[in-house]
Amino acid sequence: MRPSMQIYLRIAIKLWFQASLVFSSLLLLWAIDKLGFSVHQFILGILVIYIAASLYTLRRFNKIHGALQYISVCMGLFLGIFCFQIDYDVVSNWIDASLVELNIQVYREEGSKDLLPVIEQDIPIITSQKKLDEMFFEDFFVSDYGDPLRIITSFKKYGLVMLDGDRAFRMHEGGNDAFFLRILSDDNVILFLNNDRRTINIAKVDGDELKTIKTIDAPYGLHHWGDVLDGILYQPNRSFISVPNKLSNAIGHKFAECQERAVNSDRIDFFDLETGQLTGSVDILNIIAGLEGDLDILRKSIVDCKDPLHFNDIQIIKTNEHASYFPDASVGDILVSFRNIHTVLLLDKNTFVVKWFVRGNANKAFIRQHSPRITDRGTIIVFDNLGSDEINGKSRVVEIDIATKKLVGFYEAQGDDFFESKVAGSVDMVGDRILVQEQRSTDDSLTSIFFLDCPDKYVSNACKKTTIFRSKHEISHGAILHSN
């Protein structure tokens with residue numbers, strides 16, 4: 001064989017070798033995800049494989065081919081660094097969506113009306129038609145919590161799931177994993193995001209089917225929970241900035257000292273749901289930079305250089321009664337939640353001036369909170385992720401008086417119960433009841449959805465907890481459907 005042909009053959013062999021590594025890595029990615037290992041552990045392992053394989057071939061061939069292998073090493077390192085930066089769930093969910101089709105029935109004991117409160121007890125779970133279904137719904141339970149009530153929720157990896165007391169089944173079409181956002185109307189038109197973080201879906205729940213009405217393409221970065229008023233979606237989004245810059249210097253304090261190339265810059269995007277158009281946006285860090293006087297404490301609160309605010313919820317004031325609880329508020333003003341500065345604040349709908357705020361860590365009311373909800377008694381209910389003690393879990397549901405900003409009540413786990421969501425978690429008002437979604441705190445713990453029925457004026461440990469769902473898989477958000 002001529003020398004030139006040998007060179008080409010060796011190059012082809014090495015390219016095939018690299019392609020095999022990539023394919024094996026993707027296959028291993030899916031397998032390790034199913035086994036529950038950390039994705040970071042996986043990426044480090046892949047990097048070791050890439051480097052070891054490249055160094056081995058570097059020794060076997062001459063300098064020209066060694067240079068090619070050196071480039072391969074760099075490509076492997078870049079792949080690892082890039083995977084650390086992107087949202088791993090986008091890749092994982094895409095793989096899962098192509099492999100998993102859920103179609104299960106949940107069986108319960110005859111006459112069962114509630115889930116036994118102690119999670120160690122044996123409870124009838126499910127049978128399923130596929131092996132992967134069994135893996136997904138391990139320790140999965142839906143109780144009979146009262147017809148005709150139905151709940152639609154979303155799983156971090158498996159998308160929209162309907163719970164109706166008798167069954168649990170996957171709702172969304174086409175295998176796209178989804179992130180539930182809002183119920184738009186009494187006829188069960190819902191809004192949800194694809195996990196690609198750039199697609200907004202409007203669909204109607206028709207019996208057991210989900211029928212798409214419209215799909216909206218959005219700038220990449222959609223996350224967490226927005227709200228809708230008069231056909232406009234107010235949705236958290238984010239872009240990325242490098243600091244230090246003029247903005248970080250204007251905010252000052254610790255944030256002015258940050259040196260990062262990819263900092264989350266949160267904003268509110270406004271989408272016209274009729275036309276599908278992005279009609280405007282407002283940058284939150286710019287608002288924070290302009291705060292003065294007593295509000296300067298919010299600038300001082302920024303201590304996380306990469307994720308200074310972690311914008312996680314929007315609630316629009318929709319009634320004059322709710323507006324009357326806040327100073328100078330009106331219908332359309334925007335209640336927002338920032339996890340990393342432990343703050344809930346109210347923005348003017350036109351000027352985005354801060355009209356009211358409460359800092360949970362200042363009065364020991366909440367830490368790294370989610371999901372503030374306005375009640376009809378002049379308070380807000382908040383999912384407090386880390387404000388309780390460690391004995392029964394660090395999460396709780398708290399109630400804050402809007403006028404005084406004081407903690408007026410809380411519910412936390414007692415006895416043999418455990419309640420802890422280090423991330424995510426949500427609360428919603430369903431009449432006088434509080435619907436709570438608990439995210440799992442560790443790989444071994446369970447997520448759950450439960451109601452709190454409270455006999456007193458405010459939330460307290462006298463509230464009766466009725467657990468209606470639990471699973472080992474992470475849930476993101478859910479709400480009550482208005483009818484069957």
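Values quoted throughout were computed directly from the atomic coordinates according to the rules given, and no laboratory measurement underlies them. This structure is a prediction, so every number in the text was calculated from the model and none was measured. We place every Cβ from the backbone using ideal geometry, glycine too, and count neighbours over all the protein chains shown.
Annotation for the range 230-335: GluC sites (Glu not before Pro) lying in DSSP loop with at most 16 further Cβ atoms inside 10 Å of their Cβ are 274, 292.
The Cα center of the range 214-274 and the Cα center of the range 307-337 differ in position by 17 Å.
Applying the criteria of a DSSP loop state and at most 14 other Cβ atoms within 10 Å to the trypsin sites (Lys or Arg not before Pro) of the range 388-458 yields 406, 457.
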